[in-house]
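A short worksheet on the structure shown next.
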Amino acid sequence: MNNGIGVGAKQGADSNQQSPFLSKIGEILENALDELKAARDLSGLENRFKFFCGKKGKLTEILHLIYSLSPEEKKNIGSKANEVKKQIKVFYQNKKNELLEAGKIGLPKKHKLDLTVPGAYIEKFHKHPITAVLEEAVDFFSSMGFEIAEGPEIETTYYNFDALNIPSNHPARDVWDTFYLLNGLVPRTHTSSVQVRTMEKKSPPFRVIAPGRCYRYEAVDATHLFMFNQMEGLFVDKNVRLTDLKGILEETVKYLLGAKKTRFRPAFYPFVEPGLDLDIECVFCGGRGCGICKNTGWIEVIPCGMVHPNVFKYAKIDPNEYRGFAFGMGFDRIVMLKYNINDLRFLYQGNLDVLSQF
Ligand code: DAH
(Lines give C-alpha, C1' and ligand atoms only; values in the text may rest on other atoms or scores of the structure.)
Protein backbone atom coordinates (compact mmCIF):
# COMPACT_ATOMS: atom_id res chain seq x y z
CA MET A 1 0.00 0.00 0.00
CA ASN A 2 1.36 3.42 -0.89
CA ASN A 3 -0.11 6.25 1.11
CA GLY A 4 2.66 8.67 0.24
CA ILE A 5 4.34 8.56 3.62
CA GLY A 6 6.00 5.23 3.48
CA VAL A 7 3.59 3.27 5.62
CA GLY A 8 4.97 -0.01 6.75
CA ALA A 9 8.59 0.91 5.94
CA LYS A 10 10.96 0.76 8.83
CA GLN A 11 11.56 4.32 9.86
CA GLY A 12 14.20 5.90 11.99
CA ALA A 13 17.29 4.33 10.45
CA ASP A 14 18.59 7.81 9.85
CA SER A 15 17.66 9.98 12.83
CA ASN A 16 18.79 13.21 11.08
CA GLN A 17 16.12 12.83 8.50
CA GLN A 18 12.74 14.37 9.50
CA SER A 19 10.17 11.59 9.80
CA PRO A 20 7.54 11.89 7.05
CA PHE A 21 4.95 11.36 9.81
CA LEU A 22 6.15 14.42 11.64
CA SER A 23 6.05 16.55 8.52
CA LYS A 24 2.57 15.22 7.75
CA ILE A 25 1.46 16.26 11.24
CA GLY A 26 2.88 19.75 10.61
CA GLU A 27 0.94 19.89 7.38
CA ILE A 28 -2.25 18.84 9.15
CA LEU A 29 -1.80 21.62 11.70
CA GLU A 30 -1.35 24.20 9.02
CA ASN A 31 -4.35 23.04 6.99
CA ALA A 32 -6.55 22.69 10.07
CA LEU A 33 -5.89 26.25 11.23
CA ASP A 34 -6.56 27.62 7.75
CA GLU A 35 -9.78 25.69 7.41
CA LEU A 36 -11.09 26.54 10.87
CA LYS A 37 -10.30 30.17 10.33
CA ALA A 38 -12.40 30.22 7.18
CA ALA A 39 -15.48 28.69 8.84
CA ARG A 40 -18.50 31.01 8.66
CA ASP A 41 -20.91 29.14 10.87
CA LEU A 42 -20.96 26.69 13.75
CA SER A 43 -21.82 23.57 11.79
CA GLY A 44 -19.09 24.31 9.23
CA LEU A 45 -16.64 24.77 12.07
CA GLU A 46 -17.71 21.52 13.74
CA ASN A 47 -17.29 19.51 10.52
CA ARG A 48 -13.85 20.88 9.87
CA PHE A 49 -12.75 20.19 13.43
CA LYS A 50 -13.94 16.57 13.17
CA PHE A 51 -12.22 16.19 9.84
CA PHE A 52 -8.87 16.85 11.52
CA CYS A 53 -9.33 15.78 15.14
CA GLY A 54 -12.33 13.42 15.16
CA LYS A 55 -12.19 9.66 15.80
CA LYS A 56 -11.75 9.06 12.12
CA GLY A 57 -9.93 12.33 11.53
CA LYS A 58 -6.61 13.02 9.89
CA LEU A 59 -4.57 12.96 13.13
CA THR A 60 -6.02 9.63 14.30
CA GLU A 61 -5.36 8.24 10.86
CA ILE A 62 -1.64 8.94 11.37
CA LEU A 63 -1.60 7.25 14.77
CA HIS A 64 -3.06 4.13 13.12
CA LEU A 65 -0.26 4.11 10.62
CA ILE A 66 2.73 4.13 12.97
CA TYR A 67 2.23 0.62 14.46
CA SER A 68 5.37 -0.63 12.72
CA LEU A 69 7.71 2.04 14.09
CA SER A 70 10.10 1.63 16.99
CA PRO A 71 8.64 2.34 20.44
CA GLU A 72 10.75 5.46 20.71
CA GLU A 73 9.53 6.82 17.36
CA LYS A 74 5.95 5.93 18.20
CA LYS A 75 6.26 7.90 21.43
CA ASN A 76 7.81 10.83 19.62
CA ILE A 77 5.17 11.00 16.89
CA GLY A 78 2.35 10.25 19.33
CA SER A 79 3.26 13.14 21.59
CA LYS A 80 3.66 15.47 18.56
CA ALA A 81 0.20 14.46 17.35
CA ASN A 82 -1.28 15.16 20.79
CA GLU A 83 0.37 18.52 20.98
CA VAL A 84 -0.99 19.46 17.55
CA LYS A 85 -4.44 18.21 18.53
CA LYS A 86 -4.39 20.51 21.57
CA GLN A 87 -3.36 23.47 19.43
CA ILE A 88 -6.15 22.81 16.95
CA LYS A 89 -8.63 22.41 19.80
CA VAL A 90 -7.71 25.76 21.35
CA PHE A 91 -8.05 27.43 17.98
CA TYR A 92 -11.39 25.69 17.40
CA GLN A 93 -12.71 26.82 20.80
CA ASN A 94 -11.75 30.45 20.19
CA LYS A 95 -13.34 30.45 16.78
CA LYS A 96 -16.50 28.88 18.21
CA ASN A 97 -16.80 31.64 20.83
CA GLU A 98 -16.31 34.23 18.15
CA LEU A 99 -19.13 32.79 16.01
CA LEU A 100 -21.45 32.50 19.02
CA GLU A 101 -20.83 36.13 19.89
CA ALA A 102 -21.45 37.25 16.32
CA GLY A 103 -24.71 35.27 16.32
CA LYS A 104 -25.83 37.03 19.49
CA ILE A 105 -25.42 40.51 18.11
CA GLY A 106 -26.96 39.47 14.83
CA LEU A 107 -23.98 39.83 12.55
CA PRO A 108 -24.36 38.04 9.27
CA LYS A 109 -22.98 34.54 9.54
CA LYS A 110 -22.44 34.30 5.85
CA HIS A 111 -21.54 37.12 3.60
CA LYS A 112 -24.36 36.37 1.30
CA LEU A 113 -26.94 38.77 -0.02
CA ASP A 114 -30.43 37.29 -0.12
CA LEU A 115 -32.51 39.60 -2.28
CA THR A 116 -35.70 37.72 -1.44
CA VAL A 117 -35.63 38.61 2.25
CA PRO A 118 -38.20 41.35 2.95
CA GLY A 119 -36.61 44.61 4.09
CA ALA A 120 -36.86 45.86 7.67
CA TYR A 121 -39.96 48.11 7.96
CA ILE A 122 -39.10 51.57 9.13
CA GLU A 123 -42.17 53.44 10.30
CA LYS A 124 -42.36 56.93 8.84
CA PHE A 125 -43.31 59.71 11.22
CA HIS A 126 -45.69 62.39 10.15
CA LYS A 127 -47.06 65.56 11.59
CA HIS A 128 -50.21 65.76 13.64
CA PRO A 129 -52.99 67.11 11.38
CA ILE A 130 -53.29 70.29 13.47
CA THR A 131 -49.56 70.97 13.13
CA ALA A 132 -49.60 70.19 9.41
CA VAL A 133 -52.50 72.58 8.67
CA LEU A 134 -51.07 75.19 11.02
CA GLU A 135 -47.80 75.16 9.08
CA GLU A 136 -49.71 75.51 5.81
CA ALA A 137 -51.65 78.46 7.20
CA VAL A 138 -48.51 80.13 8.55
CA ASP A 139 -46.82 79.73 5.15
CA PHE A 140 -49.83 81.19 3.41
CA PHE A 141 -50.12 84.24 5.66
CA SER A 142 -46.42 84.93 5.77
CA SER A 143 -46.42 84.99 1.97
CA MET A 144 -48.78 88.00 2.37
CA GLY A 145 -46.54 89.74 4.90
CA PHE A 146 -48.19 88.55 8.12
CA GLU A 147 -45.96 87.92 11.14
CA ILE A 148 -46.68 85.68 14.10
CA ALA A 149 -47.79 87.40 17.32
CA GLU A 150 -48.08 85.77 20.71
CA GLY A 151 -49.90 86.32 23.96
CA PRO A 152 -50.21 84.38 27.20
CA GLU A 153 -52.68 81.52 27.58
CA ILE A 154 -53.47 82.68 31.11
CA GLU A 155 -54.78 86.14 30.49
CA THR A 156 -56.09 89.16 32.37
CA THR A 157 -59.81 89.91 32.01
CA TYR A 158 -58.69 93.28 30.66
CA TYR A 159 -57.12 91.86 27.47
CA ASN A 160 -59.59 89.02 27.18
CA PHE A 161 -62.71 91.19 27.59
CA ASP A 162 -62.52 94.90 28.49
CA ALA A 163 -59.98 95.96 25.89
CA LEU A 164 -62.06 94.13 23.30
CA ASN A 165 -65.06 96.31 24.06
CA ILE A 166 -66.74 93.68 26.26
CA PRO A 167 -67.33 95.47 29.59
CA SER A 168 -67.97 93.37 32.68
CA ASN A 169 -71.67 94.16 32.79
CA HIS A 170 -72.23 93.35 29.13
CA PRO A 171 -74.23 90.19 28.34
CA ALA A 172 -71.76 89.39 25.52
CA ARG A 173 -69.38 88.10 28.18
CA ASP A 174 -71.66 85.09 28.56
CA VAL A 175 -70.70 83.98 25.06
CA TRP A 176 -67.13 83.53 26.26
CA ASP A 177 -68.01 82.01 29.61
CA THR A 178 -64.93 80.43 31.09
CA PHE A 179 -63.07 79.23 34.16
CA TYR A 180 -61.81 81.91 36.51
CA LEU A 181 -58.64 81.40 38.47
CA LEU A 182 -58.53 82.41 42.12
CA ASN A 183 -56.23 85.32 41.30
CA GLY A 184 -58.81 86.74 38.87
CA LEU A 185 -56.96 85.69 35.68
CA VAL A 186 -58.64 83.57 33.01
CA PRO A 187 -57.43 80.89 30.63
CA ARG A 188 -58.00 82.98 27.50
CA THR A 189 -61.31 82.25 25.81
CA HIS A 190 -60.11 83.34 22.37
CA THR A 191 -56.97 84.45 20.61
CA SER A 192 -58.58 87.89 20.19
CA SER A 193 -56.85 88.71 23.50
CA VAL A 194 -53.63 89.01 21.47
CA GLN A 195 -55.10 91.95 19.50
CA VAL A 196 -54.64 94.79 22.00
CA ARG A 197 -51.39 93.33 23.33
CA THR A 198 -50.00 93.44 19.77
CA MET A 199 -51.31 96.94 19.08
CA GLU A 200 -49.57 98.15 22.25
CA LYS A 201 -46.27 96.64 21.16
CA LYS A 202 -46.24 97.42 17.46
CA SER A 203 -46.88 100.69 15.78
CA PRO A 204 -48.99 100.49 12.63
CA PRO A 205 -48.93 99.49 9.88
CA PHE A 206 -48.68 95.76 10.71
CA ARG A 207 -50.21 92.42 9.86
CA VAL A 208 -50.13 89.57 12.33
CA ILE A 209 -51.57 86.14 12.92
CA ALA A 210 -51.74 84.63 16.40
CA PRO A 211 -52.35 80.91 16.53
CA GLY A 212 -52.81 79.25 19.92
CA ARG A 213 -54.81 77.34 22.49
CA CYS A 214 -57.97 78.73 24.05
CA TYR A 215 -60.24 77.50 26.85
CA ARG A 216 -63.93 77.63 27.62
CA TYR A 217 -66.45 76.29 30.05
CA GLU A 218 -67.92 73.63 27.75
CA ALA A 219 -69.41 70.19 28.12
CA VAL A 220 -67.28 67.95 25.89
CA ASP A 221 -68.94 66.47 22.79
CA ALA A 222 -68.14 65.87 19.11
CA THR A 223 -67.98 69.60 18.34
CA HIS A 224 -67.02 71.16 21.70
CA LEU A 225 -63.99 70.84 23.94
CA PHE A 226 -62.91 72.84 26.96
CA MET A 227 -59.60 73.43 25.12
CA PHE A 228 -59.22 74.11 21.41
CA ASN A 229 -57.10 76.01 18.88
CA GLN A 230 -57.83 79.30 17.20
CA MET A 231 -55.95 81.53 14.84
CA GLU A 232 -56.42 85.26 15.15
CA GLY A 233 -55.54 87.69 12.39
CA LEU A 234 -55.14 91.45 12.58
CA PHE A 235 -54.29 93.86 9.80
CA VAL A 236 -53.89 97.55 10.68
CA ASP A 237 -53.00 100.29 8.22
CA LYS A 238 -54.23 103.67 7.08
CA ASN A 239 -56.52 102.55 4.29
CA VAL A 240 -57.60 99.05 5.22
CA ARG A 241 -61.10 98.38 3.89
CA LEU A 242 -63.72 95.70 4.06
CA THR A 243 -62.75 94.65 0.54
CA ASP A 244 -59.23 93.85 1.82
CA LEU A 245 -60.75 91.60 4.46
CA LYS A 246 -62.94 89.96 1.84
CA GLY A 247 -60.13 89.35 -0.63
CA ILE A 248 -57.70 87.93 1.91
CA LEU A 249 -60.19 85.67 3.69
CA GLU A 250 -61.68 84.33 0.47
CA GLU A 251 -58.18 83.42 -0.67
CA THR A 252 -57.55 81.81 2.73
CA VAL A 253 -60.46 79.40 2.51
CA LYS A 254 -59.63 78.64 -1.11
CA TYR A 255 -56.06 77.83 -0.15
CA LEU A 256 -56.74 75.90 3.05
CA LEU A 257 -59.99 74.15 2.20
CA GLY A 258 -60.26 74.34 -1.58
CA ALA A 259 -63.52 76.31 -1.10
CA LYS A 260 -65.25 77.26 -4.36
CA LYS A 261 -68.23 79.26 -3.17
CA THR A 262 -68.19 81.66 -0.24
CA ARG A 263 -70.56 84.17 1.33
CA PHE A 264 -70.39 86.81 4.07
CA ARG A 265 -73.20 87.27 6.59
CA PRO A 266 -73.56 90.07 9.12
CA ALA A 267 -72.76 88.97 12.69
CA PHE A 268 -72.25 90.60 16.05
CA TYR A 269 -68.89 90.60 17.83
CA PRO A 270 -68.33 93.51 20.26
CA PHE A 271 -64.76 94.15 19.04
CA VAL A 272 -65.59 94.68 15.35
CA GLU A 273 -67.93 96.94 13.44
CA PRO A 274 -69.26 95.73 11.11
CA GLY A 275 -68.93 92.10 12.19
CA LEU A 276 -69.25 89.25 9.70
CA ASP A 277 -69.17 85.51 9.36
CA LEU A 278 -67.53 83.95 6.33
CA ASP A 279 -69.30 80.78 5.19
CA ILE A 280 -68.14 78.29 2.59
CA GLU A 281 -70.35 76.01 0.58
CA CYS A 282 -70.63 72.72 2.46
CA VAL A 283 -67.69 70.57 1.41
CA PHE A 284 -69.57 67.41 2.38
CA CYS A 285 -72.75 67.79 0.29
CA GLY A 286 -71.67 70.37 -2.28
CA GLY A 287 -74.38 72.76 -1.07
CA ARG A 288 -77.32 70.36 -1.41
CA GLY A 289 -77.84 70.19 2.36
CA CYS A 290 -76.75 67.49 4.81
CA GLY A 291 -76.53 66.72 8.53
CA ILE A 292 -73.18 68.47 8.86
CA CYS A 293 -74.33 71.81 7.41
CA LYS A 294 -77.71 71.40 9.13
CA ASN A 295 -79.34 71.37 5.69
CA THR A 296 -78.31 74.94 4.94
CA GLY A 297 -75.69 74.04 2.34
CA TRP A 298 -73.22 76.40 4.10
CA ILE A 299 -70.62 76.01 6.82
CA GLU A 300 -69.43 78.91 8.95
CA VAL A 301 -65.64 79.07 8.99
CA ILE A 302 -64.24 82.52 9.78
CA PRO A 303 -65.80 85.14 12.04
CA CYS A 304 -64.34 88.54 11.22
CA GLY A 305 -64.92 92.25 10.92
CA MET A 306 -63.48 95.76 10.90
CA VAL A 307 -61.70 96.67 14.14
CA HIS A 308 -64.06 98.63 16.42
CA PRO A 309 -62.94 102.23 17.17
CA ASN A 310 -63.19 101.50 20.91
CA VAL A 311 -60.60 98.72 20.58
CA PHE A 312 -58.25 101.15 18.85
CA LYS A 313 -58.83 103.60 21.71
CA TYR A 314 -57.89 100.98 24.30
CA ALA A 315 -54.70 100.38 22.32
CA LYS A 316 -54.04 104.12 22.05
CA ILE A 317 -54.24 104.09 18.26
CA ASP A 318 -56.18 106.91 16.66
CA PRO A 319 -59.24 105.38 14.92
CA ASN A 320 -59.46 108.45 12.69
CA GLU A 321 -56.01 107.77 11.33
CA TYR A 322 -55.92 103.97 11.22
CA ARG A 323 -58.30 101.21 10.28
CA GLY A 324 -58.01 97.50 10.48
CA PHE A 325 -59.69 94.19 10.03
CA ALA A 326 -59.57 91.18 12.32
CA PHE A 327 -60.60 87.55 12.11
CA GLY A 328 -60.50 84.56 14.42
CA MET A 329 -60.82 81.11 12.90
CA GLY A 330 -61.56 78.03 14.93
CA PHE A 331 -58.50 76.19 13.79
CA ASP A 332 -59.59 72.70 14.81
CA ARG A 333 -62.70 73.20 12.73
CA ILE A 334 -60.60 74.02 9.67
CA VAL A 335 -58.62 70.80 10.25
CA MET A 336 -61.83 68.78 10.65
CA LEU A 337 -63.26 70.18 7.42
CA LYS A 338 -60.02 69.64 5.54
CA TYR A 339 -59.66 66.02 6.56
CA ASN A 340 -63.33 65.15 6.89
CA ILE A 341 -63.08 64.37 10.61
CA ASN A 342 -66.46 64.22 12.28
CA ASP A 343 -65.45 64.27 15.94
CA LEU A 344 -63.26 66.96 17.45
CA ARG A 345 -62.08 64.59 20.17
CA PHE A 346 -60.15 62.51 17.62
CA LEU A 347 -57.71 65.39 17.26
CA TYR A 348 -56.75 65.30 20.91
CA GLN A 349 -56.87 61.66 21.94
CA GLY A 350 -53.47 60.72 20.55
CA ASN A 351 -55.00 57.55 19.08
CA LEU A 352 -52.58 56.32 16.40
CA ASP A 353 -55.25 54.26 14.64
CA VAL A 354 -56.90 57.57 13.84
CA LEU A 355 -53.90 59.85 13.49
CA SER A 356 -51.91 57.57 11.19
CA GLN A 357 -54.62 58.02 8.54
CA PHE A 358 -53.59 61.60 7.81
N1 DAH B 1 -62.92 85.77 19.14
C2 DAH B 1 -64.15 85.37 18.53
C3 DAH B 1 -64.63 84.06 19.14
O4 DAH B 1 -63.83 83.38 19.72
C5 DAH B 1 -63.98 85.18 17.05
C6 DAH B 1 -63.75 86.45 16.32
C7 DAH B 1 -64.80 87.13 15.72
C8 DAH B 1 -62.47 86.98 16.19
C9 DAH B 1 -64.61 88.27 15.02
C10 DAH B 1 -62.26 88.15 15.49
C11 DAH B 1 -63.35 88.79 14.89
O12 DAH B 1 -61.08 88.71 15.35
O13 DAH B 1 -63.13 89.94 14.19
O14 DAH B 1 -65.75 83.75 19.02
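Work out how much length SER70 to SER203 would gain on full extension: take 0.36 nm times their residue separation and subtract the Cα-Cα distance, in nm to one decimal.
Gain on stretching SER70 to SER203: 36.5 nm.
Any chance you could list P(r) for the chain, counting all Cα-Cα pairs in 20 angstrom bins from zero, rounded to whole %?
Calculated P(r), rounded to whole percents: 22, 30, 9, 13, 16, 10, 1.
When N counts the residues of the stretch 19-111, how does its alpha-carbon radius of gyration compare numerically with 2.2 N^0.38 Å, as a ratio?
Dividing the Cα radius of gyration by 2.2 N^0.38 Å gives 1.25.
May I ask you to derive the FRET efficiency for GLU250 and TYR180 from their Cβ-Cβ distance with R0 = 35 Å, giving the value to the nearest 0.05?
It comes to 0.40.
Rounded to whole Å, give me the distance from the Cα center of the stretch 184-247 to that of the stretch 286-358.
Their Cα centres are 11 Å away from one another.
Extension gain LEU355-PHE140, at 0.36 nm per residue separation less the Cα-Cα distance, in nm?
75.0 nm
Mind checking the angle between helix 71-104 and the chain's longest principal axis? C-alpha axes, 0 to 90 degrees, to the nearest 10.
10 degrees
What percentage of the solvent-accessible surface of the chain, computed with a 1.4 Å probe over protein heavy atoms, is contributed by carbon and sulfur atoms?
Looking at the chain in its full context, I get 52 percent from C and S.
With a point put 7 Å past each Cα toward its Cβ, work out how far HIS128 is from ASN239 in nm, to one decimal.
For the pair HIS128/ASN239, the computed spacing is 4.3 nm.
With a 4.7 Å Cβ cut-off, tell me which Cys residues in the chain come up empty for a partner.
So far as the 4.7 Å Cβ criterion goes, CYS53, CYS214, CYS304 stand without a partner in the chain.
With everything on Cα atoms, drop me the angle between helix 20-38 and the longest principal axis of the chain, reported from 0 to 90° to the nearest 10.
Value to nearest ten degrees: 10.
Using a 10 angstrom Cβ neighbour count of at most 10 plus a DSSP loop assignment to flag exposed GluC sites (Glu not before Pro), which longest range of the chain is free of such sites?
Longest site-free region, per DSSP loop and neighbour criteria: 124-320.
Taking only protein heavy atoms into account and a 1.4 Å probe, give the accessible area per residue of the stretch 129-355 in Å².
On a per-residue basis, the stretch 129-355 sits at 48 Å².
The values are calculated or read from the model by the stated rules, or taken from the named source; none is laboratory data. In this text the structure is predicted, and so the values were computed from the model without any measurement. When we count neighbours, we look across all protein chains shown, and the Cβ atoms used for this are built from the backbone with ideal geometry, even at glycine. Each accessible area value is taken on the protein alone, full model and side chains, heavy atoms only, with ligands, DNA and RNA left out. Shrake-Rupley method; radii C 1.70, N 1.55, O 1.52, S 1.80 Å.
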